Amino acid sequence: MKLQQLRYIWEVARHDLNVSATAQSLYTSQPGVSKQIRLLEDELGIEVFARSGKHLTHVTPAGEKIIALAGEILNQTQSIKKVAKEFSDERKGSLDIATTHTQARYALPNVIHNFIAGYPDVTLHMHQGTPMQIAEMANDGVVDFAIATEALEMFGNLIMLPCYTWNRSVVVPKDHPLATVDTLTLEALAEHPIVTYVFGFTGRSQLDEAFQQAELEPNVVFTAADSDVIKTYVRLGLGVGIVATMAYDASADNDLVAIDASHLFADSTTKIGIRGNTFIRGYMYKFIQSFAPHLTRELVEAAMQAPTRQDVDELFTDIELPRL
């Protein structure tokens, strides 16, 4: 059994059983991938993939377990490499982060600017996607960290570190009827078409829960993953926008009025998700603390060593999170 063979079955599974795409991503040949998979199956005495002719059709039950273990082994090999790099040169390396548009656009720019200035020899890669996609990337070891508000809790392998809390504002054109209300209510919001985040994005679940508890049906006419896109369609008169308060820029958005809606919706918490057993290099701890100053190296290490998710949560019981 070779690491190369384990990587091949792992990558084939990630590429939806497309051997050609797998070979292309690994800069090798399709016959070479197929041969190594067959050799591994012959050695193990089972099929990892079921076939119809030359085509892979699905992962076998045994294959599912083997591929999961292969992922763990490959992740550990990356940790071994990181350990070696940490001791050979602690200021060189790479950092892969997966996050959503809102975090990338509004929460991370200053953090990343300062990090690159302090660690010029660290290559930083940012991957954007849905909360589910970025949580999967962290869970699978494709990235070092996932930064999101939704979906991280769905993956048991992720250690979740709370970073900050935030809430929402309603944005409308200056001549909109809601622009002059004294106190915004859910009933008033429900009377207007709403433009907001796609379900599963940026604390959308708290928004839906608030309307459900009030037994109101919001008229959501347009959804997007991008706060800037939401504001664009508010400007076009499509509806009132509900966005993260951090996504309103008083200077750039001076043609819109932002109405505080924090009394209508529960706070959301943005977290960093890190796969358990990940080796965190020194500069990675620095990045985490620059993003969330309360996340000291000692606290992160304690969270990574905590036996259960409940134990992790208890570490933050008495910590007041910053608010954006």
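Numbers for the structure displayed
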read-out	value
Tensor-based shape of the chain (alpha-carbon gyration tensor, a/c under 1.5 rounded, otherwise prolate or oblate)	prolate
Tensor-based shape of the stretch 168-260 (alpha-carbon gyration tensor, a/c under 1.5 rounded, otherwise prolate or oblate)	oblate
For SER262, residues with placed amide H under 5 Å, excluding near neighbours	ARG168
Distant-in-sequence amide H partners of CYS163 (H built 1.01 Å from N, under 5 Å)	THR270, LYS271, ILE272
Pairwise centroid distance, computed over Cα atoms, of the stretch 12-46 with the stretch 204-274, Å	45 Å
Partner lysines for LYS286 [C-alpha distance under 20 Å; skip if fewer than 8 residues away on the same chain]	LYS81, LYS82, LYS85, LYS92, LYS271
Kyte-Doolittle mean at least -1.0, axial Cα span of 20 Å or more - DSSP H helices of the chain	30-44, 61-88
Loop sites in the stretch 172-270: GluC sites (Glu not before Pro), DSSP, at most 15 other Cβ within 10 Å	GLU191, GLU215
Phi-based couplings in Hz for the stretch 254-271 (Karplus 6.51, -1.76, 1.60; Gly and Pro marked x)	6, 8, 10, 9, 9, 10, 4, 10, 5, 7, 9, 10, 5, 4, 10, 10, 8, 10
Cα-based shape type of the stretch 3-86, given that a ≥ b ≥ c are square roots of the gyration tensor eigenvalues and the cut on a/c is 1.5	prolate
Derived scalar couplings ³J(HN,Hα) [the stretch 168-173; Karplus, 6.51 cos²θ - 1.76 cosθ + 1.60; whole Hz; x for Gly, Pro]	10, 10, 9, 10, 9, x
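Read the figures in this text as sums done on the coordinates, not as results from a lab. The structure displayed is predicted, hence computed values, not measured ones. Methodologically, a virtual Cβ is constructed for each residue, glycine included, from the backbone with ideal geometry; neighbour enumeration extends over all protein chains shown.
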